[in-house]
Amino acid sequence: MSNQYIIQPDLTFINEVVGLGGDTLKKCFQCATCSVACPIAPENSPFPRKEMIAASWGLKDKLVGSADIWLCHECGDCTALCPRGAKPGQTLSAIRSYAISEYSSSVPVVGKLSKMVTDPKKLALLTAIPAAWLALMAIITMFMGGVMEKIFHVIGLHWYHVTDAPIAQARFISTWLVDMTFVPVFNISLLIFAYTLYKMLSDMHANALAEGKTDKETLDYKAYFNTIPTVLKKVLKHTQFNECGENKNRGTAHMMVLFGFIGCLIVTTIGFGFLYVLGKPGPYSQWWPFKWLGNISGIAIVFGAVLMIKERLGKPDLNAYKDWYLLGLVLTLGATGLLTQMARLAGMEIATYAIYYIHLIAVFHLFAYLPFSKLAHAVYRLAAMTYAEYANRK
Amino acid sequence: MSNKFGVYICKGCGIGESIDCDQLVNVASEKRAPAVVHDCLCSADGVATIKKGVAEGINFISIVGCSKRVNSDIFQFENCMVDRVALRENVAWTISREKYPKKTENDDDYFVDNVQLAADDYIRMSLARLEKVKLPEPFQLPSISKKILVIGGGMTGMSSAIDAAKAGYEVTIVEKDGALGGYAAKMRKQMPVAEPYDSLIPPMVADKIKEVQAEKNITVKTNTVVARIAGQPGEFTVTLKKPGETNEFDVPYPLPDSMKVDENGKEYDAEKLLELYKEYNKGKNDVLTLDPNGELFGAVILAAGWRPDVIEGDAFKHLGVGDVDVVTNAQFEEIAAKGKIVRPSDGKEAKNVVFIQSPANGDDRDFNYAGSVTSMVALKQAKYVREDYEDGKAYVIYQHMRTPGLTEGFYKNMQQDSGIFLTKGEVTAVEKKGSGFVVSAKNTLLGESIGIKADMVVLAAGMVPATADDPVVNMAYRQGPAFRDNGIFDEYADSNFICFPYETQRTGIYAAGCVRRSMTIEESMEDATGAALKAIQCIDSVNRGVAVHPRSGDMTFPDFFFQRCTQCKRCTQECPFGALDDDEKGTPKPNPTRCRRCGTCMGACPERIIGFADYNIDSIGSMVKSIWVPSEDDYYNPPMRILCLYCENDAMPALEMAAMKKAQIDPQVRFIPVRCLGSVNTIWIKDALAQGMDGVFLLGCKHGDDYQCHFVKGSELANVRMSKIGDALASLALETERVAQFEAAIDDYDKIPGVINAFVEKVVAMGPNPFKGF
């Protein structure tokens, strides 16, 4: 029996998935109602029935590297119809969290962050790091301008970005220092993703081959990357989300947040260009179109986050820390961004800087912890959906 | 005292509209029986009318209206014989006036009023029967023992004993082992018995033993078995002995069939057979010899329990049987009861254990004698592994996971354990790898062929009832010491599992617990209560001189006219309940309290010397003869007459359900209910044909291995007798097709009218009986 699969249940895996919100997974008795109910499960070995038994048998290797766990959008149709209360939707979500920490913790040096990000007790420490760093940056900006100008002069740059606005965030923490902090952090995160995605892709392909879920024998990276635009279009349209029956309105909220973030990314890039290419520092006039985009994006993020929080509060049994961490972060990002601007326009200098300080801490959370938190789903799900599209998963 | 007849005719429920009741009064007067017509007999006024008659001395009452299956509580009159004529069901509802209109002024004297003719016949039949029956007198034993014997001192036996003792009955428990407790005393833990049914509990057996010991009505005899149970309910004479001992009152066995014939296959004569029988049972007293030192009991509860099945042989080779680390669930329980789960071969911790529920020999059957209990035992023992080792892993591979009713809670809770893994699957191999095994399975829920590393393998052996190995009850009955035909129940001691729980094929002996089917302790305790109640019902019924079951309360019993007995032994051999023990000459000795009053002996007897006070050869024969068979002298085109003898247990309610639905039945049929088709004596059929009736058919229960007969053998025996009647018919130059037997289940009400009408059509096509008019 050459194709025999030797079972090696991992009890730690079961217990961890249980801890990550999959506490109902052992209730499954394999009726497969979930797979029938799922609007987006493929016909060939559909999820989540097989994921449920693999999870209750502790078969980590069948789950962590499977693209299928990412195809699920946790719409909750399966959970609503499950006759045993096994909540397949939440179980898959817990497995995804486990997969995120499994891949991110394998990264050299920073892998340890993985455990901390999912541990509520470590939240204070994770916040204290950027808080201290940014406080230092503020001190440098406010009290050591002269010294910095001299240093910058040596390398042929100007420390001060001249503006005549009465209040400007750059007077609190220099744009130089902000960018010198966040550009490297962001890039490190990208590197971490590159590292984990490479591993994940080969795992997904091996898993698909073993379970007969693909017609591709070897993984062709070029073809894979060429598939990304097709999938991106689906993601932007929320095609999968809209097939859900149970949680339809969550799709709208998710869309608002996603587009809000994309809008902010565009605005930041434009701002970056204004500052370093045209040498025009902020704050900019409210009449400029990219300011409109920025404001609309901020409002979209706040609204989307509030909608999702409201929906979640209606379901008291959903209380995984990973979810609340992400929702709290999104709301903080959007709200502090908008409030900084409002305080500035109102001429409240101290308030402006204080809120801006919080905003930057939140941004640090977003960038630095991105590969370790639930937000990493943005990257992993895109990668998995692209793989499914590429691999002809039907 | 001479009997005074009275006929009461009811016009209610549509009878008055379709039948001329004054004409019925005329028919009754032919027999000089006064008849009264009433609009609604079951009303207070109707009953008062009958009571008035009773007060005037009427004691044999024919109540013409509805079936005896309804209003039986209303039409009960002390010291009176009541015959119920079901005109409503057999005539008014099933022979429609639309199809068979009343006679009008335009019709001549030769008009055939089918409805009225049927009604007239039923009045005649009722009066004919009343002339031939007597008021029953109960059979009373000279003395009666009210003690209950419980065989088996396990959870079931002890529970039965406690229940019966608490109800005020003296109980003796005999236990073959040295101590009470049975298998339950060998367990580490047991399945839950109360809400919320989710966790294992400590064994309850120790408390049960204390309860038995504290009960003053209970006597416990350990190291004791039953040598024989002789006599009958109410006066069973029981000989007890130590296990393995020989005793002159050890039960004799009937001669095996192979010893009854000579080398040419010819059966020996009666004398030689008796000699061989005596030789075969040398040193044992005959069944009719009572042990003078025997203890008397009123009823017996058989709670002999079970033994674990042995799994061996080529059929299980792929499961690794023969290896000491491949054990049965019973062996695993022994290990668990001793302490931590360790491997038998080297005493090392067994942290990975695979439980195999089904042998997967090309089908999905479980091991023999397995059931929901073995499913739950696997879950229980899986939990042992988890209790003993934090990193322990227990795998259950099943074809069926049965956790019925509230025990679903137990399944759910065991399933919650992160180290218990369940999957449906077929085990293909158990192979040795190092000191452990790799268990291979296919068609699993994991979607592929899997291999599981195991330190130990546990097979879900079934629970073999004690009655599979040994009669246990050792009844000194002529038919043998064991229950008959247990083979069709896989040797479980049960006569009809669904309809009559606790009943065995021997009156007064009630089975409970795992001799009936595999049961959990909870189920066994509940079963024990049922059997205790049955035993009490038996003693009480015997005390009042009435039948226990299924004709509960029937006061009649078979009466033998011995002067004409030819010692043919047919009654002794055919009685489904072994009620008769013949002596050396072959004369039957009746044991009335063993009897269930089915009348199978009456149907069997070629000399027709057996009968009941209210049901006998003459009473039914006279009913048959009272049916008027018209001939060409009466009508241009005389209607045919077809007799139906139908079983009152299943066929009768089925037909009455059909009647309630106004199903139409051919008016040429006349129905006579019988206690059981087994009681049908072929003389009735001959009587019917001899007086010119054109056909006869029997309507009774399904027979065979999945029989539905209340009396086990009745419809089967009727079938055998009917096949033999063919020769007699042929000698009379009658077509054998004029006689038939049909099977009817109680829910066949939609099919039976079709079956009957089709038979009538067939007989009509054959033409009239040539004996008509002689």
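Coordinate-derived values only; no laboratory data. Bear in mind the structure is a predicted one, so any value in this text is a computation, not a measurement. In this analysis, Cβ positions are derived from the backbone assuming ideal geometry, glycine residues included, and neighbour counts consider all displayed protein chains.
Tabulated results
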read-out: Kirkwood-type radius of the range B:373-434, with distances r between different C-alpha atoms, in Å; value: 12.5 Å
read-out: Inter-label distance for A:Met348 and A:Leu157, nm, one decimal - labels placed 7 Å from Cα along Cα-to-Cβ; value: 3.3 nm
read-out: Projected-area mean, chain B, by convex hull of Cα positions, square nanometres; value: 40.7 nm²
read-out: Magnitude of the charge dipole, chain A, Cβ model with Lys/Arg +1 and Asp/Glu -1, debye to 20; value: 300 debye
read-out: Relative exposure of B:Glu387, B:Glu17, judged by other C-beta atoms within 10 Å (fewest first); value: B:Glu17, B:Glu387
read-out: Rounded FRET efficiency, nearest 0.05, which uses the C-beta distance separating B:Glu387 from A:Ile299 and R0 of 35 Å; value: 0.05
read-out: Rounded to 5, the percent of DSSP beta bridges in chain B classed as antiparallel; value: 35 percent
read-out: Extension gain, B:Glu56 back to B:Phe771 (0.36 nm per residue minus Cα-Cα distance, nm); value: 253.0 nm
read-out: R0 of 25 Å, Cβ-Cβ distance B:Gln567-B:Lys724: FRET efficiency to nearest 0.05; value: 0.75
read-out: Low-density loop positions, chymotrypsin sites (Phe, Trp or Tyr not before Pro), the range B:455-553 - DSSP coil, at most 15 other Cβ in 10 Å; value: B:Phe497
read-out: Chymotrypsin sites (Phe, Trp or Tyr not before Pro) lying in DSSP loop within the range B:629-702, provided at most 11 other Cβ fall within 10 Å; value: B:Tyr636
read-out: Ellipsoid equivalent to the range B:346-460 - semi-axes via the Cα gyration tensor, in Å; value: 20, 19, 12
read-out: Residue (of B:Gly603, B:Thr566, B:Gly578) at the positive-pole extreme of the range B:559-611, dipole from beta-carbon charges; value: B:Gly603
read-out: Relative contact order computed over the range B:1-135 (Cα-Cα under 8 Å; 6+ residues apart), in percent; value: 28 percent
read-out: Gain in span if fully extended, B:Glu170 to B:Glu408, counting 0.36 nm per residue against the direct Cα distance; value: 81.9 nm
read-out: Antiparallel content of DSSP bridges confined to the protein assembly as shown, in %, to 5; value: 35 percent
read-out: Cross-link partners of B:Lys31 among lysines (Cα-Cα below 23 Å; sequence separation of 8 or more within a chain); value: B:Lys4, B:Lys11, B:Lys51, B:Lys52, B:Lys68, B:Lys132, B:Lys134, B:Lys625
read-out: Amide H contacts under 5 Å for B:Ala230, placed H, 5+ residues apart; value: B:Thr237, B:Val238, B:Thr239, B:Ala476
read-out: Label-to-label distance, nm, for residues given as B:Lys103 and B:Glu349 (7 Å Cα→Cβ offset); value: 10.0 nm
read-out: Karplus 3J(HN,Hα) series, Hz, for the range B:563-576 with 6.51 cos²θ - 1.76 cosθ + 1.60 (x for Gly, Pro); value: 4, 9, 5, 9, 6, 7, 6, 5, 5, 4, 6, 8, 4, x
read-out: Cβ neighbours within 10 Å from other chains - mean over B:411-422; value: 5
read-out: Partner chain coverage, peptide A:5-12 - average Cβ within 10 angstrom; value: 6
read-out: Reciprocal of mean inverse Cα separation for the protein assembly as shown (Kirkwood radius, Å); value: 37.8 Å
read-out: Spatially proximal aspartates and glutamates relative to A:Lys222 (Cα-Cα < 14 Å; intrachain offsets below 8 disregarded); value: A:Glu389
read-out: Where only alpha carbons of the range A:258-394 are counted, the Rg and the Dmax (Å); value: 17.4, 58
read-out: Rg(Cα) / (2.2 N^0.38 Å) computed for the range B:1-135, rounded to two decimals; value: 1.05
read-out: For the range A:186-198, 3J(HN,Hα) per residue [Karplus equation, 6.51 cos²θ - 1.76 cosθ + 1.60, θ = phi - 60°, Hz, x = Gly/Pro]; value: 4, 5, 4, 4, 4, 4, 4, 4, 4, 5, 6, 5, 4
read-out: Cα-centred dipole magnitude for the range B:615-774, charges only on beta-carbon of K, R (+1) and D, E (-1), debye, nearest 20; value: 220 debye
read-out: Relative contact order %, chain A, counting alpha carbon pairs below 8 Å whose residues are six or more apart; value: 23 percent
read-out: Distance (nanometres) between label positions extended 7 Å along Cα→Cβ at B:Asp634 and A:Glu389; value: 9.3 nm
read-out: Check: the range B:310-461 dipole with +1 on Lys, Arg Cβ and -1 on Asp, Glu Cβ, in debye; value: 200 debye
read-out: Cβ-based exposure ranking for B:Ile341, A:Ile355, in which fewest neighbours within 10 Å come first; value: A:Ile355, B:Ile341
read-out: Built amide H within the under 5 Å cut-off of B:Lys11, gap 5+; value: B:His38, B:Asp39, B:Cys40, B:Leu41
read-out: Cα pair count fraction exceeding 20 Å, expressed as % - the range B:603-738; value: 50 percent
read-out: Neighbour cut-off at most 15 other Cβ (10 Å), DSSP loop, chymotrypsin sites (Phe, Trp or Tyr not before Pro), the range B:93-190; value: B:Tyr110, B:Phe111
read-out: Efficiency of FRET between A:Tyr276 and A:Glu246 - r from beta-carbon atoms, R0 41 angstrom, step 0.05; value: 0.30
read-out: Counting DSSP beta bridges with both ends in the range B:159-284, the antiparallel % (nearest 5); value: 65 percent
read-out: Per-residue average of Cβ from other chains inside 10 Å of B:442-449; value: 6
read-out: Residue-span extension gain [A:Gln8 to A:Asn187] - 0.36 nm each, minus C-alpha spacing; value: 60.6 nm
read-out: For chain B: relative contact order, % (alpha-carbon pairs under 8 angstrom, 6 or more apart); value: 12 percent
read-out: Virtual paramagnetic centre 7 Å along Cα→Cβ of B:Cys40, amide N under 20 Å, in the range B:1-19; value: B:8-19
read-out: Within a Gaussian network of chain A (alpha carbon springs, distance under 10 Å), most fluctuating of A:Ile155, A:Ile140, A:Ile296; value: A:Ile155
read-out: 29 Å Cα-Cα reach of A:Lys121 towards lysines, excluding residues that sit fewer than 8 places from it in its own chain; value: A:Lys26, A:Lys60, A:Lys87, A:Lys112, A:Lys310, A:Lys315, A:Lys322, A:Lys374
read-out: Karplus (6.51, -1.76, 1.60) ³J(HN,Hα), θ = phi - 60°, over the range A:222-238, in Hz, Gly and Pro reported as x; value: 5, 4, 4, 5, 5, 7, 3, x, 4, 6, 4, 4, 4, 4, 5, 7, 6
read-out: On Cα atoms only, tilt of B:651-660 relative to the major axis of chain B in degrees; value: 60 degrees
